[in-house]
1. Residue separation times 0.36 nm, minus the C-alpha to C-alpha distance between Ser7 and Arg46: what's the value?
2. Give the dimensionless ratio obtained when the Cα radius of gyration of the chain is divided by 2.2 N^0.38 Å.
3. Work out the FRET efficiency for Arg17 and Ile68 from their Cβ-Cβ distance, taking R0 = 30 Å, and round it to the nearest 0.05.
4. Can you give me the C-alpha center-to-center distance between segment 37-72 and segment 6-35, rounded to a whole angstrom?
5. Work out the length of the dipole vector of segment 1-66 about its Cα centre, built from +1 on the beta-carbon of each Lys and Arg and -1 on the beta-carbon of each Asp and Glu, and round it to the nearest 20 debye.
6. Apply the Karplus parameterisation 6.51 cos²θ - 1.76 cosθ + 1.60, with θ equal to phi minus 60°, to every residue of segment 20-28 and state each ³J(HN,Hα) to the nearest whole Hz, in sequence, with x for glycine and proline.
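A short reminder: the numbers here are calculations on the coordinates, not readings from a lab. All of these numbers come straight from a predicted model, not from anything done at the bench. Please note: Cβ atoms are built from the backbone with ideal geometry, for glycine as well, and neighbour counts cover all protein chains shown.
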Amino acid sequence: MINAEHSNLLKLSPSERLLLAQDLWDSLNPEDLPLTDLQKAELDRRKVSYQANPDSCSSWEDVQRRIIERHG
């Protein structure tokens, strides 16, 4: 919720607000974003799955290529 102190932020253009949001996100440290127990469990599950079969995963480059091929 926007308070009166921050209401001027809504006067920024959408692209300016997006850049501000990105700058704010980038200013956070990993310890500022604690994981829930459910998120930790999911990461543990994925790690075990990867360790059991590392060839079943895709590299980030492959994922990016597929996204670009599908969506331009």
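1. This chain segment gains 9.9 nm when fully extended.
2. Dividing the Cα radius of gyration by 2.2 N^0.38 Å gives 1.68.
3. 0.70
4. The two parts, judged by their Cα centres, are 27 Å apart.
5. 260 debye
6. Rounded to whole hertz, the list is 5, 4, 5, 4, 5, 4, 5, 7, 7.
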